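Some notes on the structure that comes next.
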Amino acid sequence: MNSSQDTIYAQACETISDFKFDDKVAGVFNDMITRSVPGYTQIIKTLGDFADKCVTPNSRVYDLGCSLGAATLSVRRRLDGRHCHIVAVDNSQSMIERCQQNLSAYVSDTPVELICADIRDIEIKDASMVILNFTMQFLAPEDRDKLLNKIYLGLQPGGILVLSEKLTFADEPIHHLLDELHLDFKRANGYSELEISQKRSSLEHVMKPDTLAQHQQRLEAQGFSHFNQWFQCFNFASMVAIK
Ligand SMILES: C[S@@+](CC[C@H](N)C(=O)[O-])C[C@H]1O[C@@H](n2cnc3c(N)ncnc32)[C@H](O)[C@@H]1O
């Protein structure tokens, strides 16, 4: 998936506004997320592996906060012949338009319904897999239980939720160490100190990570009987929950 290089925060800004998934971000998003989220490429590939194992014939797969469609594409490649239906949702029109172009570049017999909407407003039903790949962290914390409840109710028995998130840690020295390692990852990928600090300020009021324990409690409270983390690099993790 092509995108231009992310230089959005390369020049000093007079004021840093809150981060938005607007046209500027959508245009560089693949470069931005690959250089910012350790393990992103591995997670995207593995979402296809989860789909191969867990998606049942004639069911639906939901990609909530689909951005440019990386997860949808990874999953769709594995579903040919299963008569499934993918629903990919994002509330950024710029992301949806680019996602449509990316999906059109590949042939598949699995239809994708691309919806520009808030994931809190859509219906979820007959799902054997729901993906929240670094999306829930952008919802207000008080909306997260309700979203997970809707996902739980919309999943078939045995269906899975794959939830990837940036983590925070209650243990301060661990939090500090893993955060530093993440910043080193960004530096190694060419981001300057200015870019790192301006992006951090822009995300401060917009992205609110939880601890792993908070995720686990939330999933258990909704009724998910099986839960585990299957991936972690520094302060980024991906979890799988089975209904
Ligand atoms: C970090 S990106 C997700 C990356 C994407 N899942 C992937 O794997 O490449 C978060 C996405 O969620 C979308 N988003 C955030 N809040 C949303 C909401 N309430 N409803 C729908 N989409 C939302 C943003 O527009 C953005 O495209």
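The values are calculated or read from the model by the stated rules, or taken from the named source; none is laboratory data. This is a predicted model, so every value here is computed, not measured. As a convention, Cβ positions derive from the backbone with ideal geometry for all residues, glycine included, and neighbour counts pool all protein chains shown. All accessible areas refer to the heavy atoms of the entire protein, side chains included, with ligands and DNA or RNA removed. Shrake-Rupley method; radii C 1.70, N 1.55, O 1.52, S 1.80 Å.
Numbers at a glance
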| quantity | calculated |
| --- | --- |
| Ordering of 86-97, 23-34, 202-213 by packing [mean C-beta count within 10 Å, highest first] | 86-97, 23-34, 202-213 |
| Candidate residues L114, L148: accessible-area rank, largest first, probe 1.4 Å | L114, L148 |
| More than 13 angstrom apart: percent of Cα pairs within the range 181-234 | 72 percent |
| Contour excess over end-to-end distance, with Cα ends at D109 and N228 and 0.36 nm allotted per residue | 39.7 nm |
| Residues of the range 33-142: accessible area per residue with a 1.4 Å probe, Å² | 41 Å² |
| Helix axis angle, 141-154 relative to the chain longest principal axis, alpha carbon, degrees | 20 degrees |
| Karplus-derived HN-Hα couplings along the range 202-219 (A = 6.51, B = -1.76, C = 1.60, θ = phi - 60°), whole Hz, x at Gly and Pro | 5, 8, 3, 9, 10, 10, 10, x, 9, 7, 4, 4, 5, 4, 4, 4, 5, 5 |
| Using alpha-carbon coordinates, inclination of helix 93-104 to the longest axis of the chain, degrees | 60 degrees |
| Three-way shape label, the range 64-127, alpha-carbon gyration tensor, a/c 1.5 | oblate |
| Gain on full stretching of the segment that runs from A221 to Q93 - 0.36 nm per residue minus C-alpha separation | 42.8 nm |
| Gyration tensor (alpha-carbon) shape descriptor, the range 125-178, a/c threshold 1.5 | prolate |
| Evaluated at q = 0.17 Å⁻¹: base-10 log I(q)/I(0), Debye formula over Cα of the range 116-230 | -0.94 |
| Amide hydrogen neighbours beyond the local backbone of S164, cut-off 5 Å, H modeled | L132, N133, F134, T135, M239 |
| For the range 68-182, the Rg and Dmax computed from alpha carbons only, in angstrom | 16.3, 50 |
| Under-17-angstrom lysine pairs by C-alpha in the chain, whenever the two are 8 or more apart or on separate chains | 16 |
| Contour excess over end-to-end distance, with Cα ends at D171 and Q42 and 0.36 nm allotted per residue | 43.7 nm |
| Carbon + sulfur, % of accessible area of the chain - ligands and nucleic acids excluded, 1.4 Å | 50 percent |
| DSSP-defined beta bridges in the range 144-243 - what % are antiparallel, rounded to 5 | 95 percent |
| Burial order of peptide ranges 60-68, 220-228 (average beta-carbon count within 10 Å, highest first) | 60-68, 220-228 |
| Alpha-carbon Debye profile of the chain, log10 I(q)/I(0) at 0.09, 0.12 Å⁻¹ | -0.37, -0.67 |
| Cα-projected label distance for K125 with V206, points at 7 Å along beta-carbon direction, nm | 3.4 nm |
| Overall Cα dimensions of the range 1-138, principal axis frame, Å, largest first | 53, 29, 25 |
